[in-house]
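Notes follow once the structure below has been shown.
The values are calculated or read from the model by the stated rules, or taken from the named source; none is laboratory data. All figures in this text were calculated on a predicted structure; none of them were measured in a lab. In this analysis, Cβ positions are derived from the backbone assuming ideal geometry, glycine residues included, and neighbour counts consider all displayed protein chains.
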Ligand code: GCU
């Protein structure tokens, strides 16, 4: 166990803690805390090898995150029908194929459908694929006019022309800058994406989205300890993975799950709960994602649970303003991905997501990778901005804001070529 030699100034009034003006952005005010050791079990037993990790430690940590943080999926919901809504061999300047595939789930006379937009490079017969949710609909990720506009609820956004919670032509391509499709295709990868609002609309309302398909009669919302929206979005990513196993153009053994911000929290949870994902990328996922909660830097557990009461399971609220009671921290979530490749990325100006806390988390997950003979992030000294460290665990902090940029994608592509597709390390 290691201790941070940093000071805490208890000056924050608990009742004011939701307001961002109370946010700590001062490294010297990060509380003193012990980093829970991924290699010591809850009963105090030291874990020395990969077998004991897999048999004893991994299951207890996984169970903790499931019960106390993201929530349990209360049943199985993995039968679906597939409908190819559209496909073409002439996408992305003739370099790629495009497919739009709708998956439909039915349970207790309730239905849920979501559409996966898939681009695969023509030059690769069975492509490795980046899979991630998008925030405002598949048609926002490029100017490709053939992409179908979702009819699902969307958050209004004046800049994107989204009114009355409906998506339209006005928002086509508005998020192109976040999805370097051409670079991905040129790199020999496919890209698959889903509008997360089709899996579960991002609002504190459990009468819609995937959760209701697993309710008992009369049930209105998940029980305490059952899944919130993040686990719902992760569920959607796993169902896309189910579909990939029946698509001959995709190499299901090389699917890299990716997500930005809240969707980075979802990609981490998907990567942890579903070992079929070959690798995991967290882009600026912050609190409840890659960042260490016990640092209380930027967004805190109390703030996130109050601003987004539907994201985590209700049990997580017992750690509001009570991080010291947590027997785990987010580096142990990252460690649950071992030995699979993991990339944690931050942005310098994204203090809300605590870049230093995201870095340290990747560093403190490293002993578990070492057990498997893989290289993580050995030093606890943050690298310089725009100087990535790329091992089986990779990390970079780039210049700029909370966003996904070409720079981020360039790193993900070169790293994935080496650690996912290329000769296995
Ligand atoms: C808010 C939230 C973050 C989240 C982000 C996003 O800022 O507080 O936790 O990551 O939204 O998803 O963009």
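Scanning segment 156-183 for residues being loosely packed, with under 14 Cβ neighbours inside 10 Å and within 21 Å of residue 258 (Cβ to Cβ) gives a total of 1.
Looking across segment 287-303, the residues that are out of contact with any strand residue (DSSP E or B) (no Cβ under 8 Å at 6 or more places or on another chain) and either farther than 12 Å from residue 321 by Cβ or at pLDDT below 95 (or both) come down to 287, 288, 291, 295, 297, 298, 299. Check off (1) surrounded by fewer than 16 Cβ atoms within 10 Å (Cβ to Cβ); (2) part of a loop (DSSP other than H, G, I, E, B); (3) on the phi < 0 side of the Ramachandran plot for residue 75 and give me the number that stays unchecked. Single failed check for residue 75: (3).
Among the conditions (1) in contact (Cβ under 8 Å) with a residue 60 or more places away in the chain; (2) more than 17 Å from residue 330 (Cβ to Cβ); (3) more than 10 Å from the chain's Cα centre (by Cα), residue 258 misses just one, which is (3). Examine segment 42-53 for a residue that is crowded, with 19+ Cβ neighbours inside 10 Å, touching a helix residue (DSSP H, G or I) at 6+ places or on another chain (Cβ under 9 Å), without any contact (Cβ under 8 Å) to a residue 24 or more places away in the chain and in a helix (DSSP H, G or I), and state whether such a residue exists. For segment 42-53, residues crowded, with 19+ Cβ neighbours inside 10 Å, touching a helix residue (DSSP H, G or I) at 6+ places or on another chain (Cβ under 9 Å), without any contact (Cβ under 8 Å) to a residue 24 or more places away in the chain and in a helix (DSSP H, G or I): absent. Within segment 122-138, being more than 25 Å from residue 163 (Cα to Cα) and either touching a helix residue (DSSP H, G or I) at 6+ places or on another chain (Cβ under 8 Å) or touching a residue at least 40 places away in the same chain (Cβ under 8 Å) (or both) holds for 123, 124, 125, 126, 127, 128, 129, 130, 131. For segment 408-419, the criterion of being crowded, with 17+ Cβ neighbours inside 10 Å and touching a helix residue (DSSP H, G or I) at 6+ places or on another chain (Cβ under 8 Å) is met by at least one residue.
Within segment 79-104, the set of residues being surrounded by fewer than 18 Cβ atoms within 10 Å (Cβ to Cβ), farther than 19 Å from residue 195 by Cα and touching a residue at least 60 places away in the same chain (Cβ under 8 Å) comprises 93, 95. For segment 346-361, a tally of residues being more than 16 Å from the ligand (Cβ to nearest atom) and touching a residue at least 40 places away in the same chain (Cβ under 8 Å) returns 3. On inspection, residue 300 qualifies as crowded, with 24+ Cβ neighbours inside 10 Å and over 16 Å from the mean Cα position of the chain (by Cα). Residues of segment 169-203 that are part of a strand (DSSP E or B) and more than 18 Å from the chain's Cα centre (by Cα): 190 alone.
Out of segment 105-134, which residues are crowded, with 21+ Cβ neighbours inside 10 Å and closer than 25 Å to residue 151 by Cβ? Passing the criteria: 112, 114, 115, 116, 117, 118, 119, 131, 132, 133, 134. Scanning segment 218-233 for residues that are within 14 Å of the ligand (Cβ to nearest atom) and not in a helix (DSSP H, G or I) yields one hit, 228. Just one of the numbered conditions (1) within 14 Å of residue 135 (Cα to Cα); (2) out of contact with any strand residue (DSSP E or B) (no Cβ under 9 Å at 6 or more places or on another chain) is not true of residue 207: (1). Pairing residues of segment 292-308 that are on the phi > 0 side of the Ramachandran plot with residues that are not in a loop (DSSP other than H, G, I, E, B), at Cβ distances under 8 Å and at least 6 apart in sequence or on separate chains, gives 296/323; 298/351; 298/352; 298/353; 298/357. Screening segment 234-345 for helices (runs of 4 or more DSSP H) wholly inside it with 2 or more residues that are more than 28 Å from residue 101 (Cβ to Cβ) and more than 16 Å from the ligand (Cβ to nearest atom) returns the ranges 330-335.
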